[in-house]
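Nothing in this text is a laboratory measurement; each read-out follows from the coordinates by a stated rule. Here the structure is a predicted model, which means the values were calculated and not measured. Counting neighbours? That spans all protein chains shown, and the Cβs are built from the backbone with ideal geometry, glycine included.
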Amino acid sequence: MASLEVSAAQPANVDRDPDREWAAVLALAATSRSSSGSQRTPAQAALARVQSADSARQAADAARSFIEQYPNHLNVRDARKLEALAALQGVSAANSQYEAKAAVLARDFRADPRNSLTDRFEVALLAERVAARSRLGGSPYGNFPAELEVIANRLRVEFGDAAPVFNFYASIARGADMATARRIAENLIRWPAGREAKAEAQSILNRDSLLNKSADWSLTAVDGKTTKPLRTENRVTLIVIWSPSAAGLVLPALSSAKRYLPSDAQVIYLAYGGTAEQVEMQRRSAVVPGVFCRSSDGANAALLQSLHLNQLPFAVVVDRRGTMAGFGPLSAVPALLQAANR
């Protein structure tokens, strides 16, 4: 009889495999990472964001369950980080209650000295971006350098002169307008930043040296014809450098910049990676007609290398003299065109 009582009292999870359950948590977290499909409509993109947030909240709950079931497991610290990040990714503008819960998880994780500085910074950065999403265009992943620099300054106060802090400053400079990028790069050279951040800063300053120099590049169009668009016939030239993964960002930006294009301007779309079919698909949907090129062609790759690019999409404007007038994120295109057309 005693043996029957022991058998009945055994825990229900006696056959559970914590390693297999951890793998399932990781798989669920992976499904919450949305990709920016190049051909999504605005409605499809909005639906994907909702679905991604739902999956992220499920991943956060699964991580919490794992932590409670296996508090001494080798991966429990990783589970705590995953829970905090997934909860932040699961925040939506319409759910203030969940945002408060995610903020508490992030606050506790970033304040716990048992977590590595790198992990605490990663959670802190996402938490700051989620909190500032209204200033970042409604998305914690918005690229607004001025707001991101405010976040970087706040994180430097929290974490000091740590490598992740300086690397974040460098990432802001990559996507900033010329003046902001130059200022941050000069600061990084002066600050006690690490080798990686200083190298990034120096590449930005090196790129500045191309300004007002002859833009003598040859580019090969997707149909195989060689063109030298930068040996212009007294025309302003806009080069849009993009990747298939970021193609969805190109059309809206050019739609707003279209009215700043001079009537005789030419536009060149240079794809970084991707197939000829992807480039052709983008050509057919282009708001502004232009010459389409791929980076896999030798001369095109040389242009990208000379620009020291680490973030796309990116724009380059060549003035009527055939010299590089400016460059920066697509948001800077209107100002760049106005300056080049004077």
Exercise for the section: Using per-residue counts of other Cβ atoms within 10 Å, averaged over each peptide, order 207-215, 140-148, 311-319 from highest down. Expected result: 311-319, 140-148, 207-215
Exercise for the section: Report the label-to-label distance for Ala43 and Ala276 in nanometres (one decimal), using points 7 Å from each Cα along the Cα→Cβ vector. Expected result: 3.5
Exercise for the section: Determine, from the Cβ-Cβ distance of Arg154 and Gln311 and an R0 of 25 Å, the FRET efficiency 1/(1 + (r/R0)^6), rounded to the nearest 0.05. Expected result: 0.70
Practice task
Sort Tyr269, Tyr169 so the one with the fewest other Cβ atoms within 10 Å of its own Cβ comes first.
Solution key: Tyr169, Tyr269
Exercise for the section: Describe numerically, in nm with one decimal, the distance between label points set 7 Å from Cα along Cα→Cβ at Arg190 and at Ser209. Expected result: 2.1
Problem - Kirkwood-type radius of the chain, with distances r between different C-alpha atoms, in Å - result: 22.7
Practice task
Can you spot the aspartates and glutamates whose alpha carbon is less than 18 Å from Lys213's alpha carbon? Ignore those fewer than 8 places along the same chain.
Solution key: Glu233, Asp319
Completion exercise
Relative to the chain, whose Cα atoms define the longest principal axis, helix 18-31 and its Cα axis are tilted in degrees, nearest 10, by 30
Exercise for the section: Would you order Leu304, Leu270 from fewest to most other beta-carbon atoms within 10 Å of each residue's own beta-carbon? Expected result: Leu304, Leu270
Completion exercise
From the Cα centre of the range 111-161 to that of the range 232-273, the distance in Å is 31
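Using Cα pairs under 8 angstrom and six or more residues apart, how large is the relative contact order of the chain, in percent? Before the final figure, lay out the partial values.
Numbers: 500 pairs, mean separation 44.5, N = 342.
Contact order relative to length: 13 percent.
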